[in-house]
Amino acid sequence: MARPATPPAEATPARRALTPSRYRLVGRRRETDDTFTLRLTPIDQPLAAARPGQFHMLTAFGIGEAAISVSGLASPAVDHTVRAVGAVTRALCGLPIGGVVGVRGPFGTHWATEELDGSDVVVIAGGIGLAPLREAVRALIAREGGGGGRLSVVVGARAPDQLLYEEDLWRWREAGAHVRATVDSAPPGWTGAVGLVTTLLDAVPFDPARAAALVCGPEVMIRVVAAALVDRGVAASAIRVSLERNMQCGGGLCGHCQLGPLLLCRDGPVVPYGGRVARLLQERER
Amino acid sequence: MPDTIAQLIAALPILEGLNAEEVEQVAGCSRNVALEAGQLLFTEGSRADACYLVRRGRVAIELHVPGRGGLVIDSVETGDVVGWSWLFPPYRWVFDGRAVAPVGAVAIDAACLRAKAEADPAFGYRLVQRFAAQMMRHLQSTQLRLLDVYGDGSAGHATG
Ligand SMILES: Cc1cc2nc3c(=O)[nH]c(=O)nc-3n(C[C@H](O)[C@H](O)[C@H](O)COP(=O)(O)OP(=O)(O)OC[C@H]3O[C@@H](n4cnc5c(N)ncnc54)[C@H](O)[C@@H]3O)c2cc1C
Ligand code: FES
């Protein structure tokens, strides 16, 4: 019996955005007890190059998908730093080298570091929040050589052994950035700072009138940091924050990532803090 | 020529806004101190008879836990004041204070400063206002750290 002709699946942009490309895990680096940086290279046609601050939807086949920021770009390889907190992230972190991961994207807005020439840039990251900022810092360091403004990087973590990318922090320091780290509490012998990231802001060299800030971390931290920066005289419109909401489609179709009128997979995750975002973050969501 | 103690005090952000006469009042109770990395400024349970204003370096606030040693629960950075036990009875330190880098500080005799503040309540109020502002910042930092926002993801994150 002749089979009825089925129309071929159209490779529309929407369908492409929803279909994962296969990538292979070629490297895994342990960053902390529960956080790993995974290096992936394309098996299929590589996806478009991501910009610092954008994210991919990573599939652990048979388990599910999670939004994970791009933490390193070594085209065609791409790095993601994943903290194993749930089913998908645990499966991704536990995948053997050579294993296959599904990747969709890149999605969302980016840090737009190219617009920051001449600004004093203050990068503030908490916990895993340094991952989406890592490539932005690298771009800003490259800018430093070009006679741009000053660059400061302030990172916060729960404890010294939870600080990400310690080698990078040293490298950024050597390249001229003002790098400070602080932790919530520390074991004996720690000679670094202990306290909230905001307690280090006084020591950060920047001119508020020509400063821009890039902030990523837990939302509570973002609110406190943004308020402290505004108190220091930084214009709210010059503060960019990266916000997290539950992501499903990644492409502005499902509405899961809504924050007021914004769809954070499309209009974010990187958004200017000033104006409506500051107001939306004050609203009490249930 | 080295700065006078009054000049050092006037340059400290925490005492910003005090007039010259008030700075002299504080200077009259103060001396300049230098500590090496590792040196203790005070220990838990000892008399809190001095206030330290950090001009450079870092002081760790530690709590000794048997079997674990001195856990670092806070740090005091350049421009900040170390502890407040000298301001309130029973004037006894609750933690250890240790220089974790070479520290330059102004040490103020606590009894001397308290006596001057009581004799001139307007001066005392302006002084306490400044210390209370620092206290509030440290308290807020502590409260937010209690949330453990970098912890297991149940606090501070909007995804779940
Ligand atoms: C734009 C964007 C970028 C991101 N980038 C990164 C990144 O670079 N690296 C990274 O590691 N993560 C990143 N995330 C976070 C990551 O997508 C989420 O943590 C994701 O939910 C993990 O999926 P999972 O299945 O592993 O965990 P889930 O099962 O979704 O659990 C995630 C967290 O939520 C908690 N949780 C789950 N269910 C509940 C519940 N019912 N009640 C209370 N708490 C609950 C869990 O304890 C866990 O801490 C990003 C998120 C967004 C939106
Ligand atoms: S994740 Fe579907 S609209 Fe944003």
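The values are calculated or read from the model by the stated rules, or taken from the named source; none is laboratory data. These numbers were taken from a predicted model, which means no experiment stands behind them. With ideal geometry, Cβ positions are generated from the backbone for all residues, glycine too; neighbour counts draw on all protein chains shown. Accessible surface is based on the protein model in full, side chains and every heavy atom, while ligands, DNA and RNA are left aside. Shrake-Rupley method; radii C 1.70, N 1.55, O 1.52, S 1.80 Å.
With a 10 Å cut-off between alpha carbons and a GNM built on chain A, which of A:Leu253, A:Leu92, A:Leu229 moves the most?
Comparing A:Leu253, A:Leu92, A:Leu229 in the GNM, the peak value goes to A:Leu253.
Can you send over the solvent-accessible area of A:Val78, 1.4 Å probe, protein chains only, in Å² to the nearest 10?
Probe radius 1.4 Å; accessible area of A:Val78 about 10 Å².
Do any cysteines of chain B lack a neighbour Cys whose Cβ is under 4.7 Å away, and which are they?
Taking the Cβ cut-off of 4.7 Å, the unpaired cysteines of chain B are B:Cys51.
With +1 on each Lys and Arg Cβ and -1 on each Asp and Glu Cβ, how big is the dipole of chain B about its Cα centre, in debye rounded to the nearest 20? Walk me through the intermediate numbers first.
On the way: 14 positive and 18 negative charges, 31 e Å.
Using only the charged Cβ atoms, the result is roughly 160 debye.
What is the range B:27-160's relative contact order, in percent, from Cα pairs under 8 angstrom and six or more apart in sequence? The partial results should precede the final answer.
On the way: 240 pairs, mean separation 40.8, N = 134.
With pairs under 8 Å counted, the relative contact order is 30 percent.
Quick check for me: using +1 on Lys/Arg Cβ and -1 on Asp/Glu Cβ, what's the dipole size of the protein assembly as shown about its Cα centre, in debye to the nearest 20? Walk me through the intermediate numbers first.
Values: 45 positive and 45 negative charges, 299 e Å.
That gives the protein assembly as shown a dipole magnitude of about 1440 debye.
Rounded to the nearest angstrom and ordered from largest down, what semi-axes does the equivalent ellipsoid of chain A get from its C-alpha gyration tensor (root of 5λ)?
On the way: eigenvalues 229, 96, 65 Å².
Whole-Å semi-axes of the equivalent ellipsoid: 34, 22, 18.
Ranked by accessible surface with a 1.4 Å probe, highest first, in what order do B:Ile108, A:Ile43 come?
Numbers: B:Ile108 0, A:Ile43 60 Å².
Heavy-atom accessible area, descending, gives A:Ile43, B:Ile108.
What is the sum of charges around B:Val106, taking Lys and Arg as +1, Asp and Glu as -1, for the other residues whose C-beta is under 10 Å from the C-beta of B:Val106? List each step's numbers first, then the result.
Details: positive: B:Arg31, B:Arg55; negative: none.
Surrounding charge for B:Val106 is +2.
Please check: in the Gaussian network model of chain B (C-alpha springs, under 10 Å), which one of B:Ala101, B:Ala115, B:Ala60 has the largest mean-square fluctuation.
With Cα springs under 10 Å in chain B, the top fluctuation among B:Ala101, B:Ala115, B:Ala60 is at B:Ala115.
Over the protein assembly as shown, what percent of the accessible surface lies on carbon and sulfur atoms, probe 1.4 Å? Before the final figure, lay out each step's value.
Working: 11180 of 20770 Å².
The value for the protein assembly as shown is 54 percent carbon and sulfur by accessible area.
Just add up the charged neighbours of A:Arg22: K/R +1, D/E -1, any other residue whose Cβ is under 13 Å from the Cβ of A:Arg22.
+1
Report, in deg cm²/dmol and to the nearest 500, the calculated mean residue ellipticity at 222 nm for the protein assembly as shown, where each DSSP H run with n ≥ 4 adds -39500 (n - 2.57) and the sum is divided by the residue count.
Numbers: 10 runs with 108 residues, N = 446.
Computed mean residue ellipticity for the protein assembly as shown: -7500 deg cm²/dmol.
Picking from A:Glu219, A:Glu166, A:Glu174, which is most flexible by a Gaussian network model of chain A using Cα springs under 10 Å?
A:Glu174
Could you tell me what percent of the DSSP beta bridges with both partners in the protein assembly as shown are antiparallel, to the nearest 5? Numbers along the way, then the final one.
Working: 64 of 88 bridges.
Counting DSSP beta bridges with both partners in the protein assembly as shown, the antiparallel share is about 75 percent.
Taking the dipole about the Cα centre of chain A, with the C-beta of Lys and Arg at +1 and of Asp and Glu at -1, give me whichever of A:Ala49, A:Trp111, A:Ile141 is farthest to the positive side.
A:Ala49
Could you grab the relative contact order for chain A? Cα pairs under 8 Å, six or more apart, rounded to a whole percent.
On the way: 590 pairs, mean separation 47.1, N = 286.
Computed value for chain A: 16 percent relative contact order.
Need the per-residue list for the range B:126-151: every residue with at least 30 Å² less accessible surface in the complex of protein chains than in the chain by itself, probe 1.4 Å, sorted by number.
Residues of the range B:126-151 that lose at least 30 Å² of accessible area once the other chains are added: B:Arg137, B:Ser141, B:Leu144, B:Arg145, B:Asp148, B:Val149, B:Tyr150, B:Gly151.
Compute the signed sum of charges (Lys and Arg +1, Asp and Glu -1) over the other residues within less than 11 Å, Cβ to Cβ, of A:Thr113.
Computed value for this residue: 0.
Just tell me how shielded A:215-224 is by partners: mean number of partner chain Cβ atoms within 10 Å of each residue's Cβ, no decimals. Could the numbers behind the result be given before it?
Numbers: counts 0, 0, 4, 11, 6, 7, 5, 3, 1, 4.
Shielding by partners across A:215-224 averages 4.
Solvent-accessible area per residue for the range A:64-127 at a 1.4 Å probe radius, Å²? The partial results should precede the final answer.
Working: 2050 Å² over 64 residues.
Here the residues of the range A:64-127 average 32 Å² of exposed surface.
Largest first, how would A:Cys249, A:Cys254 line up by accessible area (1.4 Å probe)?
Numbers: A:Cys249 15, A:Cys254 60 Å².
Sorted by accessible area, descending: A:Cys254, A:Cys249.
Would you work out the charge dipole size for the range A:48-153 about its Cα centre, treating the Cβ of every Lys and Arg as +1 and the Cβ of every Asp and Glu as -1, and quote it to the nearest 20 debye?
Numbers: 8 positive and 8 negative charges, 65 e Å.
It comes to approximately 320 debye.
In Å, what Rg and Dmax follow from the Cα atoms of the range B:1-80?
My reading of the Cα-based Rg and Dmax gives 15.1, 50 Å.
At a probe size of 1.4 Å, how large is the accessible area of A:Tyr23, to the nearest 10 Å²?
About 10 Å², ignoring ligands and nucleic acids.
Using Cα atoms only, what is the angle between the long axis of helix B:121-146 and the major principal axis of chain B, expressed in degrees (0 to 90) to the nearest 10?
Its long axis makes an angle of about 10 degrees.
Any idea what angle helix A:131-145 forms with the longest principal axis of chain A, computed on alpha-carbon atoms, 0 to 90 degrees, nearest 10?
That works out to roughly 60 degrees.
Give the relative contact order (percent, whole number) for the range A:132-270; include only Cα pairs under 8 Å separated by 6+ residues. Can you show the working numbers first?
Values: 169 pairs, mean separation 22.3, N = 139.
Answer for the range A:132-270 is 16 percent.
Taking every residue in A:85-93, how many Cβ atoms of other protein chains lie within 10 Å of its Cβ, on average? List each step's numbers first, then the result.
Details: counts 6, 3, 0, 0, 1, 0, 0, 0, 0.
The shielding value for this peptide is 1.
With solvent modelled as a 1.4 Å probe, how much accessible area in total do chains A and B shield from it at their shared surface, in Å² to the nearest 100? Provide the component values of the computation, followed by the final result.
Working: alone 13900 and 9350 Å², together 20770 Å².
Interface between A and B: roughly 2500 Å².
Pairing the Cα long axis of helix A:219-231 with the longest principal axis of chain A, what angle in degrees results, from 0 to 90 and rounded to the nearest 10?
Value to nearest ten degrees: 40.
Using the Kirkwood formula over every pair of different C-alpha atoms, what hydrodynamic radius in Å results for the range A:150-286? The partial results should precede the final answer.
On the way: mean 1/r = 0.0609 Å⁻¹.
Taking the inverse mean of 1/r over all distinct Cα pairs, the range A:150-286 comes out at 16.4 Å.
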